[in-house]
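Asker: Shown below is the structure under consideration.
Throughout, read-outs are computed from the coordinates displayed, never taken from laboratory work. For clarity, every value in this text was computed on a predicted model and none was experimentally measured. Cβ: placed from backbone, ideal geometry, glycine included. Neighbour counts: every protein chain shown.
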Amino acid sequence: MISALLLASTQTWAAYGNFPPPVAPFSNRSLPVSHTRMPIVFPLVGYNSYNDDYNSHRSGFRHTGIDIRAPKMTPIVSPIKGHIGFKIHSFWIYGDYGWKILGTHLNDDTPGTNDGKNNFDFMFAPNIRFGDHVEAGQLIGYVGDSGDATGPHLHFEMYSPNGIRNPFPSLKSAIHADGPVRVFRNIQDKPDPGMERFEICKRNWSHLSGNFFGILVGKQYDNGRVIMSRSPSFVTFNFPEGLADKADIDSWPTDRPASVYFYREAGKMIITKLVPPDN
Ligand SMILES: [Zn+2]
């Protein structure tokens with residue numbers, strides 16, 4: 001799946017079907033400057049700063065968005081609900097009400113390094129698939145300094161149904177979330193008293209050893225409370241043979257979470273139930 005995406009990023013935008021990335025004007029001519037505003041969720045969670053650098057002069061073109069400066073790995077959430085498209089370093093949303101959004105320079109480094117390895121698990125949320133419908137406030141990726149960025153920031157563009165617009169007024173009046181919105185399947189299937197539930201996307205699985213390696217999407221406690229991940233968090237489980245056989249883990253997609261129900265005993269996680277991912 002990861003290699004397929006990397007391959008797709010080198011192809012023409014026709015490869016993106018019904019959701020090609022919006023293309024900003026590239027010229028010295030002024031961009032539209034009407035102060036249209038769209039209600040949005042602010043695209044970053046946590047410390048950031050920005051100023052109105054839309055339409056500013058760059059070498060040979062105008063700056064087509066706003067650069068929101070923030071530390072590497074700051075969570076990026078979807079500003080509006082709609083369908084998501086992405087390729088290496090970039091995402092875009094086709095909003096349900098006709099607007100589009102594009103963000104780029106997502107993180108391309110192994111956290112704590114500047115290695116430019118382009119690991120998608122450090123770039124995008126683990127559970128998004130091209131064309132998915134995402135909620136406003138849903139975690140979609142992480143801030144970085146990929147491409148020609150001189151420092152970590154999110155380059156943020158907005159498009160009304162009539163073309164590119166200045167995101168500044170919308171950013172100024174945006175709702176600031178204190179964490180990614182809860183997007184949790186079958187939230188009513190909370191764990192029994194004393195148990196926990198992890199929603200986790202498969203990354204590696206050995207039938208022989210029973211070792212399962214995955215990336216956490218969120219967790220739920222026995223009182224029903226849900227906490228969503230806001231950074232890549234890897235978890236290893238050892239699945240008991242009987243449960244693993246029934247769950248057919250080899251067939252699990254990597255971009256849909258499975259539910260792992262367990263309790264803790266003497267520092268070990270004892271698994272009692274596995275619910276395979278949807279589709
Ligand atoms: Zn920019």
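Asker: Using the Karplus equation 6.51 cos²θ - 1.76 cosθ + 1.60 (θ = phi - 60°), what ³J(HN,Hα) coupling, rounded to whole Hz, does each residue of segment 224-241 give in order, writing x for Gly and Pro?
Answerer: After applying 6.51 cos²θ - 1.76 cosθ + 1.60, I find x, 5, 10, 10, 8, 5, 10, 8, x, 10, 9, 10, 10, 10, 10, 8, x, 4 Hz.
Asker: Note the count of lysine pairs whose C-alpha atoms are less than 23 angstrom apart in the chain, limited to pairs 8 or more residues apart or on different chains.
Answerer: 25
Asker: Now a separate question. For segment 257-267, just list the computed ³J(HN,Hα) in residue order, Karplus coefficients 6.51, -1.76 and 1.60, θ = phi - 60°, integers in Hz, with x standing in for Gly and Pro.
Answerer: Values per residue, Gly and Pro as x: x, 9, 9, 10, 9, 7, 10, 9, 9, 6, x Hz.
Asker: Moving to a separate point now. Using θ = phi - 60° and the Karplus relation 6.51 cos²θ - 1.76 cosθ + 1.60, list the HN-Hα couplings for segment 101-108 in order, rounded to whole Hz, with x at every Gly or Pro.
Answerer: 9, 9, x, 9, 6, 4, 5, 10
Asker: Once you have the Cα-Cα distance between Phe130 and Ser49, take 0.36 nm times their residue separation minus that, and quote the gain in nm to one decimal. Please list the in-between numbers first.
Answerer: Details: separation 81, 0.36 × 81 = 29.16 nm, distance 2.93 nm.
Extra length available between Phe130 and Ser49 comes to 26.2 nm.
Asker: Right, another one. Can you compute the charge dipole magnitude of the chain about its Cα centre, using +1 on each Lys and Arg Cβ and -1 on each Asp and Glu Cβ, nothing else charged? Give it in debye, rounded to the nearest 20.
Answerer: On the way: 27 positive and 26 negative charges, 114 e Å.
So the dipole magnitude of the chain works out to roughly 540 debye.
Asker: Same structure, new question: Connecting C-alpha atoms closer than 10 Å in a GNM of the chain, tell me which of Ile227, Ile140, Ile80 has the biggest fluctuation.
Answerer: So, out of Ile227, Ile140, Ile80, the one fluctuating most is Ile227.
Asker: Can you pull the one-decimal nm distance between simple spin-label points at Leu208 and Val226, each 7 Å off the Cα toward Cβ?
Answerer: 3.8 nm
Asker: In nm, what is the difference between 0.36 nm times the number of residues separating Asn186 and Asp278 and their Cα-Cα distance? Please report the intermediate quantities before stating the final value.
Answerer: Numbers: separation 92, 0.36 × 92 = 33.12 nm, distance 1.07 nm.
Contour length minus the Cα-Cα distance gives 32.0 nm.
Asker: Using DSSP loop states and a limit of at most 12 other Cβ atoms within 10 Å to flag trypsin sites (Lys or Arg not before Pro), what is the longest stretch of the chain containing no flagged site? Before the final figure, lay out each step's value.
Answerer: Numbers: sites that count: Arg29, Lys117, Arg225.
Longest run free of exposed loop sites: 118-224.
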